[in-house]
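Since the structure comes first, as structure tokens, the remarks are kept for the end.
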Amino acid sequence: MAEAVLVSPNCLDLKIPGVELEARKFPDGESYVRIPIPVEGKSVALVHKCYPNQDEGLIQLFIIVSQLRDMKAKKITCVVPYLPYARQDKRVKDGEAVSAETICRLLKECGCSELVVLDCHFLKKEGEFSYSGLKIRNLSMSKELIAKAKTELQNPKTQDLVITSPDVGASYMSGGKKMDKKRGDYNSSKKGEAVYRDIVELNAGFEARGKNVVIIDDMISTGNTMVKAVETLKKAGASKIVCCATHGLFLNSSLDKLVNAGASVFVSDSIQSSVSSVSVAGKLRAEGIL
Ligand code: R5P
């Protein structure tokens, strides 16, 4: 347990007890931060969100951590529920930046002793890792999400229930069951166009007829994965479908698309939305982080 908990103003919605740090703006838009308590010799947990406004959130994180180091904190644990750039963890085309490594390296260089994240895309399982020299603890919200999904489905009999991830990456969250997803090549590299690899195939790979299905994933971003998974399972005759994920970005009206496709949807409050109903703070407390 940390001796001091510092909470960024962008995390007040999580209702974590701690000291609010000052994060404001200079007139030109640059970030100003101030640590309002002495931290010398203390182990400090800093809770900070980096979404939305990922680039700004990360710059703030770097300067807060550097300042904690300058003030001689003994240990600096950064709790960043959703780690941005986590999907830029490999080089698909020559010359591409592996941004996830850069972010972690910079965080380590600023003085972060340990980074705590939730269902971080590039880690693919719960546990402790070293990535680009940074110590990372990856916690999974899967137990909490599945418990809520079962309640929504009124605790169906095991034989009537399937819990699956929509692809191999998040299969550690479902207990191993996964659908079969294939992405295509990058879209054209027209200036101004968002970089994206379309989903060209998504198959259930199991008998869905008459089943209640829980689809669990690390994140719902554009929602293309979840929407395709729901459509596939509906066509295959699934009964009720619950979609849940740790991080709900819900770009491109994807929440509406999922609901219109007949699914019920919820996520954790790592990112606030109208369906953020599973508490990150509860998880962090249960794990003894805070
Ligand atoms: C992919 O490997 C992840 O686990 C998610 O399935 C994916 O990132 C979701 O992205 P989108 O919502 O854009 O399909």
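Computed from the coordinates by the stated procedures, all read-outs in this text should not be read as laboratory data. Predicted, not measured: the structure shown is a model, and the values here were computed from it. Because the Cβ atoms are built from the backbone with ideal geometry, glycine has one as well, and the counts that use them run over all protein chains shown.
General observations
- In sequence order, calculated HN-Hα J values of segment 122-130 (Karplus, 6.51, -1.76, 1.60; Hz; x Gly/Pro): 8, 8, 6, 6, 7, x, 9, 9, 10
- Simple spin-label estimate for D160 and K135 in nanometres, 7 Å along Cα-Cβ: 4.8
- Helix-derived mean residue ellipticity, 222 nm - over the chain, DSSP H n ≥ 4, -39500 (n - 2.57), to 500: -7000 deg cm²/dmol
- If the chain linking V19 and K150 were pulled fully straight, counting 0.36 nm for each residue of separation and taking away their Cα-Cα distance, it would gain 43.6 nm.
- Backbone geometry of segment 269-283 corresponds, through the Karplus equation with coefficients 6.51, -1.76 and 1.60 at θ = phi - 60°, to 3J(HN,Hα) couplings of 8, 4, 10, 6, 7, 5, 10, 7, 10, 10, 7, 5, 4, x, 5 Hz, x marking Gly and Pro.
- The residues neighbouring I271, those whose beta-carbon lies less than 13 Å from its own, together hold a net charge of -3 under the Lys/Arg +1, Asp/Glu -1 convention.
- For segment 138-200: Kirkwood Rh in Å [reciprocal of mean 1/r, alpha carbons]: 14.3
- Charge tally in the Cβ shell below 10 Å around P36, where Lys, Arg are +1 and Asp, Glu are -1, P36 excluded: -1
- Each label point was placed 7 Å from the Cα along the Cα-to-Cβ direction; for D256 and K191 their separation is 3.2 nm.
- Within the chain: Cβ-based charge dipole about Cα centre, in debye rounded to nearest 20 (Lys, Arg +1; Asp, Glu -1): 640
- Taking 0.36 nm per residue of separation and subtracting the current Cα-Cα distance, fully stretching the chain between E287 and A97 would add 65.0 nm.
- The alpha-carbon positions of the chain define a convex hull whose volume is 141 Å³ per residue.
- Dipole magnitude of segment 4-139, debye to nearest 20 (Cβ charges: Lys/Arg +1, Asp/Glu -1, about Cα centre): 380
- Segment 4-139: antiparallel DSSP beta bridges as a percent of all, rounded to 5: 35
- For the chain, the share of DSSP beta bridges that are antiparallel, to the nearest 5, is 30%.
- Using only alpha carbons, segment 4-139 has a radius of gyration to Kirkwood radius ratio (Rg to Rh) of 0.96.
- Proximal charge balance of Q159 [Cβ under 12 Å; K/R count +1, D/E count -1]: 0
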